[in-house]
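The values are calculated or read from the model by the stated rules, or taken from the named source; none is laboratory data. All figures in this text were calculated on a predicted structure; none of them were measured in a lab. Glycine also receives a Cβ, built like all others from the backbone with ideal geometry; neighbour counts cover every protein chain displayed.
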Ligand SMILES: [Zn+2]
């Protein structure tokens with residue numbers, strides 16, 4: 001956060017320096033565009049093969065084989081979800097929120113991809129449908145489905161408010177992963193990572209650059225849908241913040257479940273499609 005009153009006087013050419021036009025850090029024009037039409041045609045043939053109801057203030061895992069689809073839906077009331085994704089065959093390859101943000105911007109929607117961590121750094125999921133795509137950016141600079149927040153967690157809560165709260169998304173995801181892997185919480189915790197904030201409405205204040213949230217515009221029936229580019233293990237937490245209009249590290253907010261559904265397309269519907277290769281950098285790092 002910048003100080004309201006700077007210690008240093010602006011230089012004579014301050015206005016000229018500030019007037020320099022920004023350039024996009026990572027233009028994505030050179031990326032191969034996702035085969036959205038192919039995915040959507042295949043999706044039209046798909047049948048539901050699994051579903052998992054995520055209880056309020058808790059998390060569950062789910063699995064999606066490469067080439068299948070998953071949908072996250074609001075079912076009972078306005079509710080945001082914190083999503084973790086891993087390569088189901090190697091948990092060290094996981095969603096890389098920061099790099100996804102650098103490539104696609106602060107908030108994701110249709111045709112944006114969720115990228116994995118180094119060294120694989122490849123698309124792990126592609127968004128193919130978003131019933132909140134009408135929202136765009138509001139007058140505060142807010143939008144939905146961000147990759148700027150991390151996940152609500154008991155450590156930050158302890159730091160800022162004191163106390164021990166056990167149903168932050170970080171803890172929910174940790175318990176769900178430990179249950180799935182059959183391991184201890186200590187073994188599961190390091191795998192939990194920065195999330196895609198599904199349905200959450202967030203931005204940065206224009207004057208102080210602070211991360212803000214506001215009541216999510218999501219309503220029952222809204223959904224966000226993905227194509228699995230690789231074999232995925234997912235974990236979704238129905239955030240204790242509910243619609244995140246106020247608090248998110250207590251039991252005071254109204255909370256609702258979220259539904260995850262998995263759909264498999266007909267055989268052959270994806271034609272010659274294959275999972276993306278891992279990144280082409282040779283990892284020699286100059287040695
Ligand atoms: Zn949360």
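Values computed for the structure shown
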quantity: Qualifying residue in segment 57-80 (condition: crowded, with 19+ Cβ neighbours inside 10 Å, farther than 25 Å from residue 153 by Cα, more than 19 Å from the chain's Cα centre (by Cα) and modelled with pLDDT of 95 or more); calculated: yes
quantity: Top-ranked residue of segment 132-165 - restricted to ones that are more than 19 Å from residue 253 (Cα to Cα) and surrounded by fewer than 13 Cβ atoms within 10 Å (Cβ to Cβ), ranked as nearest to the ligand (Cβ to nearest atom); calculated: 155
quantity: Identity of the residue in segment 166-180, more than 11 Å from the ligand (Cβ to nearest atom) and in contact (Cβ under 8 Å) with a residue 12 or more places away in the chain, that ends up surrounded by the most Cβ atoms within 10 Å (Cβ to Cβ); calculated: 174
quantity: Subset of segment 81-101 (residues that are surrounded by 17 or more Cβ atoms within 10 Å (Cβ to Cβ) and part of a loop (DSSP other than H, G, I, E, B)); calculated: 88, 96
quantity: Test: residue in segment 102-117 that is part of a helix (DSSP H, G or I), within 13 Å of the chain's Cα centre (by Cα) and in contact (Cβ under 8 Å) with a residue 12 or more places away in the chain; calculated: yes
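Residue-by-condition table, conditions (1) closer than 22 Å to residue 130 by Cβ; (2) modelled with pLDDT of 95 or more:
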site: 142; (1), (2): yes, yes
site: 149; (1), (2): yes, no
site: 173; (1), (2): no, yes
site: 194; (1), (2): yes, yes
site: 198; (1), (2): yes, yes
site: 201; (1), (2): yes, yes
